[in-house]
Amino acid sequence: MIKSFVNRVIASVKDPERDFSERIFLIYSIISEIAVIIALVADIILKENIGEIITLILIITLVPTITFVCLFREKVGFAIRLIVISLVFAVLPSLFFFGGGLEGGGIFWFIFAFMYVGLVISGALKTVVLVFLFLLTLACYLTAYFHPEFIVGHSRAVYFVDSFVSVILVGAVCYIMTWSQNRLFMDENARARKEAERAEELTLAQNRFFSSMSHEIRTPINSILGLNELTLRNMDATDDIVKNSTGIQGAGKLLLALINDILDFSKMEAGSMDIVPVDYHVGDLISEIVNMIWLKANDKGLKFNVSIDPKVPSVLYGDEVRLKQIMINLLNNAVKYTQEGSIDLYVESDETNDKTTVLSISISDTGMGIKKEAIPYLFDAFKRVDEEKNRQIEGTGLGLSIVKQLIELMDGTVTVNSVYGEGSTFTVTVKQGVSDSAPIGELNIHSEQMAKRSKYESSFKAPEARVLIVDDNEMNLEVEKKLLTDTESSIDTVLSGREALEKTVQVHYDVILMDHLMPKMDGIECLENIRSQTGGLNRNTPVIVLTANAGSSNMDLYNRSGFDGYLVKPVSGEALEEMLMKHISREKLIIQGKMMRMREDIDATTGYLRKAQVIITSSSMCDLPEKVTKKHNIPIIPFMIRTDKGVFKDGVQMDPN
Ligand code: ADP
């Protein structure tokens, strides 16, 4: 019985789920029980007043009984209140009056009572009990002063011994209480630290899971969409095959968008979505988005008007990937929920200073609009409003919820203004750092309209160029190689970093496309080895990471690792060509007619950034730090010399082929 009581008390004291003040109460009960037993023994030896002895016996028997019963019934809070009230109204006055008043040991237990009440009781009751305790103390002192006859007196010797025993006991109890409370705090702290570490580990594991999920899914979609693109390029394909392939393409892209949304949403739920700021060119960002949306708007017969404030600083600092995601989401919705009329995109910047600017992006449509009563729920996850009307329009109801959460992470705002049946305007404002305050100027955007089912023509041909693709996935290698066949470049493919390093000492490549996650040697390690390879012919060759690891944190990692470009799988033939065109030297490039033809005006605001190209030769490169040439994308004509020993480019001997 006693053993089970002790075990139960110890288990309850150690139970982290239990309220902290309850645990403290249990410890104090044990300590005071021991102290009171000692006091009782002393009282018996001293032949103290029977009233005091009875009080102590009552404490010794009642306190553990009440505690045990209440602990058993999980009503420790009740035990605390009962014991404290009996302490204040019964125990203290009886110890005072039977134990010699001010000339006895009882008065020291008043100090103990103040400490006890302060530590075990919480809330409003604490104040009430402390006030009562104060009044009780005052009453005892006043009674002792005005009516000393109510006090049972002591002999002088007993008074000294009683007082001494009480001081030592109360002192010891206070010391042990403070010590045990400290100990409990330390244990709690250690536990909290461990929990925090566990939570961090869990978040890391979740992050790893999300990025590996994204990676695992993107890799096969890369093959599906790539192979499908090849089918679509095939002029011998029957109409039926083309129709099916177009279906696969649409479904593949939708699947990708869905996976991205779900992954993003779970990431946000887990609180592991981070904003990763990088320097980005506003012009490039807008061009890319406009090109993408223009195609969709055009397919639906909608007009797409773009208006960009020329004062917007040209290079900003912020999470480019997430900002793009927000804009694409809102623009996609505008196209999705508009049957006729137009879509308008306005980008402005306000409050610009040397360091920051507030970017304001407004997207308007002449679509179905949103009912007033639906607006408060618009940004809720999984909520699709006006379902009756929207049934035919695909969607998960996640898009706007992701937009809102991303905007909140960026400390920005998103507002909506809509007239049902007439159209909607979504406005996003977000503060961005300014990295280059030179204004963007008149931004002209070209649309690259895909020629519909005409013979596929690559944007360039480069029969003299050599490209190496490194990827551990054979199917992906095949797809990427085939997507580039029309460029007539010589393409080598290897399945590992080790094989890549064998190649890079034999052949000089114009561009290397490198997968990131590969077994044994990953893309980053392989890049480092290529850059420092003894006898390597590709120490200065542009290396582009071609990865299934999406997300701006990865983009930042690749930038820091020294890659010259970044392509995310699934990659289209067009994106591959565009990237190669940026890096293959001009004398090897034959720009195709398609590239020229496909630049068509949108609302008289067409054309990429109209900037004078700066070209310098590599012999003068030493004047400019590499960072500058990279940042401003200044093409460098390699310094070539021919000797009887062969051709040397920037001091590296070229492959005679
Ligand atoms: P969904 O995947 O359904 O498009 P969103 O979260 O992007 O999910 O949008 C939520 C709902 O808001 C949509 O179902 C639609 O009813 C409404 N909505 C969003 N954008 C527009 C818009 N531009 N015009 C009209 N309704 C819109």
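The values are calculated or read from the model by the stated rules, or taken from the named source; none is laboratory data. Because the structure is a prediction, the values reported are computed rather than measured. Cβ atoms come from the backbone with ideal geometry, glycine included; neighbour counts cover every protein chain shown. Accessible surface areas use protein heavy atoms only, side chains included; no ligands, DNA or RNA. Shrake-Rupley method; radii C 1.70, N 1.55, O 1.52, S 1.80 Å.
Here the label points at residue 61 and residue 351, each 7 Å from Cα along the C-beta direction, are separated by 7.5 nm in the simple model. A simple spin-label model places pseudo-atoms 7 Å from Cα toward Cβ; at residue 574 and residue 175 they are separated by 8.3 nm. Using DSSP loop states and a limit of at most 15 other Cβ atoms within 10 Å to flag chymotrypsin sites (Phe, Trp or Tyr not before Pro), what is the longest stretch of the chain containing no flagged site? It works out to 1-381.
Before anything else, pin down the relative contact order of the chain: Cα pairs under 8 Å, at least 6 apart, normalised by residue count, whole percent.
Result for the chain is 11 percent.
Remind me, what semi-axes does the range 236-364 give for its equivalent ellipsoid, largest first in whole Å, using sqrt of 5 times each Cα gyration tensor eigenvalue?
Semi-axes, largest first: 30, 21, 13 Å.
Comparing Cα centroids, the range 257-329 and the range 49-103 end up 71 angstrom apart.
Once the piece of chain linking residue 417 and residue 255 is laid out straight, how much longer is it, given 0.36 nm per residue of separation minus the C-alpha distance between them?
Full-extension gain reported as 55.3 nm.
The length gained by stretching the chain between residue 135 and residue 272 to full extension, at 0.36 nm per residue less their Cα-Cα distance, is 43.8 nm. Could you work out the helix-only [θ] at 222 nm for the chain, with each DSSP H run of four or more residues adding -39,500 (n - 2.57) and the total divided by the number of residues, to the nearest 500 deg cm²/dmol? Theoretical 222 nm ellipticity from helices: -17000 deg cm²/dmol. Model label points for residue 203 and residue 50, set 7 angstrom from Cα along the Cα-to-Cβ axis, are 6.9 nm apart. In loop segments of the range 319-375 as defined by DSSP, the GluC sites (Glu not before Pro) with at most 15 further C-beta atoms inside 10 Å of their C-beta are 340, 351. Taking a span of 30 Å or more along the helix axis (Cα atoms) and a mean Kyte-Doolittle hydropathy of at least 1.6 as the rule, the DSSP H helices of the chain that qualify are 20-46, 50-72, 124-146. For the range 518-574, the set of trypsin sites (Lys or Arg not before Pro) satisfying both a DSSP loop assignment and a count of at most 12 other C-beta atoms within 10 Å is given as 520. Calculated FRET efficiency, residue 539 to residue 216, Cβ-Cβ distance, R0 = 35 Å: about 0.60 to the nearest 0.05. Using a cut-off of 28 Å between Cα atoms, the listed pairs 336/371; 355/582; 3/126; 481/503; 324/520 include 355/582; 3/126; 324/520 as exceeding that distance. Taking only the C-alpha atoms of the range 194-284, the Rg (one decimal) and the largest Cα-Cα distance, Dmax (whole number), read 18.9, 65 Å. With a cut-off of 16 Å on the backbone N, no residue of the range 260-280 is near the modelled label site 7 Å out from residue 531 along Cα-Cβ.
Rolling a 1.4 Å probe over the protein heavy atoms of the range 199-281, with every protein chain left in place, gives an accessible area that is 60 percent carbon and sulfur. Beta bridges assigned by DSSP with both partners in the chain are antiparallel in approximately 65 percent of cases. Taking all protein chains into account, the per residue accessible area for the chain stands at 52 Å² (1.4 Å probe). Overall shape: prolate for the chain, with the ratio a/c of the largest to smallest alpha carbon gyration tensor axis at 1.5 or above and a/b above b/c.
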